[in-house]
There are 2 protein chains.
Amino acid sequence: MNEFDIIKHYFTVASHRKDVVMGPGDDCALLQVPPNTLLAVSTDTLVSGVHFFADMKPEALGHKALAVNLSDLAAMGADPCWVSLALTLPEIDENWIEQFCSGFFELAEYYNVALVGGDMTKGPLSITVTVQGTLPAGKGLKRSGAKVGDGIYVTGTLGDAALGLQQVLGNIAVPEKYKEFVCHKFEHPHPRILVGQALRDIASSALDLSDGLVGDLAHITRASGMRAQIELEQVPLSDAMQNTVSQEQGWELALSGGDDYELCFTVPELYRGQLETALANCGVKFTRIGRMYSGEPEVELVFEGRPYQLQSQSWDHFRK
Amino acid sequence: MNEFDIIKHYFTVASHRKDVVMGPGDDCALLQVPPNTLLAVSTDTLVSGVHFFADMKPEALGHKALAVNLSDLAAMGADPCWVSLALTLPEIDENWIEQFCSGFFELAEYYNVALVGGDMTKGPLSITVTVQGTLPAGKGLKRSGAKVGDGIYVTGTLGDAALGLQQVLGNIAVPEKYKEFVCHKFEHPHPRILVGQALRDIASSALDLSDGLVGDLAHITRASGMRAQIELEQVPLSDAMQNTVSQEQGWELALSGGDDYELCFTVPELYRGQLETALANCGVKFTRIGRMYSGEPEVELVFEGRPYQLQSQSWDHFRK
């Protein structure tokens, strides 16, 4: 099969979305945006050897490439609609492409996201995904809305993906019974779409955790112009984490490890009850881990009321 | 500078577009789509060593990365609005980034396109751009609308970019007085936005020429279910082409060379007069080069009424 046949065979999937006037195969996709909505757009690239191992299972890679992008829509509180996929491959390996598509489209169908276009090119393996979603006019969970006194929350448990990575690298020996769990968290992050939607009228700010809590929360402190304080004893660690590493190591992984794709958000104290109600049906655990204070934008860690210093802070792709 | 500083310094450009509710720097961009419009979306990737030489001037690369995407909007007849840029770089070279941005933003400003987001990652040099534009509801120059009897047209002259490439490769010696012209056509393609907009109510089908006329026009024949006949004596060749290579070589470059980014479109005979009027103010030459016939979808070449056979057909990125 040549480039065009591959695209036709694997990437031309019928969608049930009526808002796709023209799907893949023409110069542009043509989409119908509902009236009184905002369009939310996000783009992420995954590069082989940087964001994933070259031998990562293609099914997991297809899932993850879409998941990390949907996670950005979740962090904005948007309804996912459409996706474009730019796939750069060293060669055409139909078996690989089929498995990649299986992971990609399983997640796309779960959220009723239609593939509307993209590109397939020859080159070192990398994937750029652009997702689009909609929001009611005037809504959107920005990073800049946090207020002094707001509680800081996260979904799920933190650091499990980083633990999974260390396990794969052979740096940390995870007990047999937890291996599957941490590998799954590392390879199959689940975007918190429902949580994001439920937070639309409640959270004052939000983002998704891709580079580690401390580094990511710092974006909220800068955009909102205030200080965040995290109480380490509140940071949610999984059983796998607690039964594998020391408390200090657990905090390191939870606070500076990347790839969690959980949401971190701030909520005014006044809305605490509403938050419980709104998230009750999302099936996702959430935890209050700190509070916003006035002061210079930075993330402060405390343990039993005393300041605590982390070894490493956040993931910078260009860091030596 | 780290990743975030670079993005802030070079890629956070103030836009005058009032429809950008949230630009780069949050989890998603938030955009306002006007009522009664369709959203047109297109994505293209350029990979170093495949689509451009690793030592291509970064200013030209920035221009071209955006131009080839805007060309897809032009082919649909859309008004360009927003762009996302995913840039994968082997290292941070601020001088390179500055020049890349200069080429990218000069073109973006020309068409009032706002950069609304993207990603910067470490890896082998490649660029994925996603552009978005709008169309009045019900409009859009699809590939599938050609009818038997429609004339086939192209803008500009064909093959000059391919001639520029052969000149750079040292395969063809272009006379000194034409070198700048062919290099410019190769490195600085100009998207035919105004032509696309002017064709909205006139053309029955359209696409942009990226892989060579014969291969690209074949998409229209398949989508529209009919045969295209091109009269070789009508194919517009530049002075540079005519004064550098033989007529046969000129046709080869014009019909199977890529990177022209001119528009190819079909127009019902009835609209011939309207076409002249509509394109009169675009400042772009256009030429009738053939006609659509009923029959199996294929592109037939004739010279003085006799069938003509090309050596090579179209550019396939995975072709050995």
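Quick note: the coordinates plus some simple rules give every number you see, no bench work behind them. Since this is a predicted model, take the numbers as computed values, not measurements. Virtual Cβ from ideal backbone geometry, glycine too; neighbours counted across all protein chains shown.
Would you mind getting me the FRET efficiency between A:VAL148 and A:ARG222? Use the beta-carbon distance for r and R0 = 22 Å, nearest 0.05.
0.90
What residues have an amide H closer than 5 Å to that of A:SER238, excluding those fewer than 5 places away on the same chain, when H is modeled at 1.01 Å from N in the peptide plane?
Residues meeting the amide H criterion: A:LEU158.
Per DSSP H run of at least 4 residues, take -39500 (n - 2.57); add these up for chain B, divide by its residues and hand me the 222 nm value, nearest 500 deg cm²/dmol.
-10000 deg cm²/dmol
Which ³J(HN,Hα) values in Hz, rounded to whole numbers, follow from the phi angles of segment B:94-99 under the Karplus curve 6.51 cos²θ - 1.76 cosθ + 1.60, where θ = phi - 60° and Gly and Pro get x?
Once rounded to whole Hz, the list reads 4, 4, 4, 4, 4, 6.
By count of other Cβ within 10 Å, fewest leading, how are A:GLU231, A:GLU269 ordered? Please list the in-between numbers first.
Numbers: A:GLU231 17, A:GLU269 10.
Lowest count first: A:GLU269, A:GLU231.
Using each residue's phi in segment A:120-130, evaluate 6.51 cos²θ - 1.76 cosθ + 1.60 at θ = phi - 60° and report the 3J(HN,Hα) Karplus result to the nearest Hz, with x for Gly and Pro.
Whole-Hz 3J(HN,Hα) from phi for segment A:120-130: 10, 10, 8, x, x, 3, 7, 9, 10, 10, 10.
Which FRET efficiency, nearest 0.05, do A:GLU180 and A:GLN309 yield, Cβ-Cβ r, R0 41 Å? Walk me through the intermediate numbers first.
On the way: r = 34 Å, r/R0 = 0.82.
After rounding to 0.05, the efficiency reads 0.75.
Output the 0 to 90 degree angle, nearest 10, between the alpha-carbon long axis of helix B:58-76 and the longest principal axis computed from the alpha carbons of chain B.
Result, in degrees: 60.
For segment A:151-307, which semi-axes, largest first and in whole Å, follow from the square roots of 5 times the eigenvalues of its Cα gyration tensor? Please report the intermediate quantities before stating the final value.
Values: eigenvalues 132, 68, 34 Å².
Working through the eigenvalues yields semi-axes of 26, 18, 13 Å.
Amide H neighbours of B:GLY77 under 5 Å, counting only residues 5+ apart in sequence or on other chains, H built in-plane at 1.01 Å?
B:LEU141
Does anything in segment B:130-151 have its amide N under 17 Å from the 7 Å Cα→Cβ label point of B:VAL302, and if so which residues?
Zone members listed by number: B:148-151.
Can you tell me the Rg and the Dmax, both Å, for the Cα atoms in segment B:3-136?
My reading of the Cα-based Rg and Dmax gives 14.4, 45 Å.
Antiparallel DSSP bridges in segment B:3-136: what percent, to the nearest 5?
Here the antiparallel bridges make up roughly 70 percent for segment B:3-136.
With charges set only on the Cβ (+1 for Lys and Arg, -1 for Asp and Glu), what does the dipole of segment A:151-307 come to about its Cα centre, in debye to the nearest 20?
Working: 12 positive and 22 negative charges, 71 e Å.
Roughly 340 debye, rounded to the nearest 20.
Take the protein assembly as shown, compute every pairwise Cα distance, and split them into 10 Å bins from 0; I just need the percent in each bin.
Bins of 10 Å from zero give 3, 16, 25, 25, 15, 9, 5, 2, 0, 0 percent of pairs.
Could you bin all the Cα-Cα distances of segment B:206-256 into 10 Å bins starting at 0 and give me the percent of pairs in each, rounded to whole numbers?
So the P(r) values, bin by bin, are 24, 49, 23, 4.
Which cross-chain or sequence-distant (5 or more) residues have an amide H under 5 Å from the amide H of B:VAL21, H modelled 1.01 Å from N in plane?
B:LEU30, B:LEU31, B:GLN32
Using the number of other C-beta atoms within 10 angstrom as an exposure proxy, rank A:TRP96, B:TRP82 with the fewest first. Spell out each step's value before the answer.
Values: A:TRP96 17, B:TRP82 27.
Exposure proxy ranking, most exposed first: A:TRP96, B:TRP82.
Tell me which lysines have Cα within less than 28 Å of A:LYS147's Cα, excluding those fewer than 8 residues away on the same chain?
A:LYS139, A:LYS285, B:LYS8, B:LYS18
Hey, got the dipole for the protein assembly as shown? About the Cα centre, +1 on K and R Cβ, -1 on D and E Cβ, debye to the nearest 20?
Result for the protein assembly as shown is approximately 1320 debye, rounded to the nearest 20.
For chain A, what are the per-bin percents of Cα-Cα distances with bins 20 Å wide, up to the bin holding the maximum?
All Cα pairs considered, the percentages come to 32, 56, 12, 0.
By how many degrees, 0 to 90 and rounded to 10, does the Cα axis of helix A:176-187 deviate from the longest principal axis of chain A?
60 degrees
Label-point separation (nm) for B:ASP239 and B:ASN2, each offset 7 Å from Cα along Cα-to-Cβ?
Taking the simple label geometry, B:ASP239 and B:ASN2 are separated by 5.6 nm.
Taking the Cα centre as origin and putting +1 on Lys and Arg beta-carbons and -1 on Asp and Glu beta-carbons, what dipole magnitude results for segment B:3-136, to the nearest 20 debye? Write down the numbers at each step before the final one.
Values: 6 positive and 17 negative charges, 71 e Å.
Once rounded to the nearest 20, the dipole reads 340 debye.
Between B:ASN36 and A:GLU94, with labels modelled 7 Å along Cα→Cβ, what's the label distance in nm to one decimal, could you check?
4.9 nm
Taking the number of other C-beta atoms within 10 Å as the exposure measure, put A:LEU217, A:LEU165 in order starting with the fewest. Kindly include the intermediate steps, with their values, before the conclusion.
Numbers: A:LEU217 28, A:LEU165 21.
Taking fewest neighbouring Cβ atoms as first place, the list is A:LEU165, A:LEU217.
Over all directions, what mean area does the Cα convex hull of segment A:217-299 project, stated in square nanometres?
On the way: hull surface 25.5 nm².
Taking the Cα atoms of segment A:217-299, their convex hull projects to 6.4 nm² on average.
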